[in-house]
Amino acid sequence: MPETTREDLTADGWRRLEFGLFRPGVTIHWIRQFEGDQPGVALLKYEAGAAVPRHLHQGLETILVLDGTQSDETGDYGKGSYLVNAAGTEHSVWSDIGCVVLIQWDRPVIILEEEAA
């Protein structure tokens, strides 16, 4: 996997990166995949109306909103918002208008509710 540089994350450089499927309507660009006890770091890009179902955080999750607005049960978070979700917390995430977030997970999350087919 090619190294993602600082320039790729600033001044909208992320727009040139390749993303792969994460969930329906949500794509991912891995900066650093989970390896052993090392955290995973990625960019997630949500299409307008996309969501990630309710999930449990097994470790700390930090999010920086780079573009658009990400929402969960506690509010709406626009560009520049920095979010911290502690281990043991649960939420679902969506974006009405679409967004791109830089995310770090200490441990993978556990999906608790799948969307109805």
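Check 27, 62 and return the single one that is touching a residue at least 40 places away in the same chain (Cβ under 8 Å), surrounded by 15 or more Cβ atoms within 10 Å (Cβ to Cβ) and among the polar types (S, T, N, Q).
Details: 27 fails: touching a residue at least 40 places away in the same chain (Cβ under 8 Å).
Answer to the selection: 62.
Can you tell me how many residues within segment 76-117 are under 13 Å from the mean Cα position of the chain (by Cα), among the β-branched types (Val, Ile, Thr), open to solvent by 20 Å² or more (accessible area, probe 1.4 Å) and at pLDDT 95 or above? Of the residues in segment 76-117, 1 are under 13 Å from the mean Cα position of the chain (by Cα), among the β-branched types (Val, Ile, Thr), open to solvent by 20 Å² or more (accessible area, probe 1.4 Å) and at pLDDT 95 or above. With respect to (1) open to solvent by 20 Å² or more (accessible area, probe 1.4 Å); (2) among the small types (Gly, Ala, Ser); (3) over 21 Å from residue 113 (Cβ atoms); (4) assigned to a strand (DSSP E or B), the lone exception for residue 42 is condition (1). Scanning segment 79-117 for residues that are part of a loop (DSSP other than H, G, I, E, B) and either acidic (Asp, Glu) or touching a residue at least 60 places away in the same chain (Cβ under 8 Å) (or both) returns 96, 106, 107, 108, 113, 114, 115.
Sort through 47, 73, 18 and tell me the only one that's at negative phi and either buried (at least 19 other Cβ atoms within 10 Å of the Cβ) or without any contact (Cβ under 8 Å) to a residue 12 or more places away in the chain (or both). After ruling out the rest, the residue left standing is 18.
The values are calculated or read from the model by the stated rules, or taken from the named source; none is laboratory data. Nothing here was measured: the structure is a model prediction, and the numbers come from that model. As a convention, Cβ positions derive from the backbone with ideal geometry for all residues, glycine included, and neighbour counts pool all protein chains shown. Heavy atoms of the whole protein, side chains included, go into the accessibility calculation; ligands, DNA and RNA do not. Shrake-Rupley method; radii C 1.70, N 1.55, O 1.52, S 1.80 Å.
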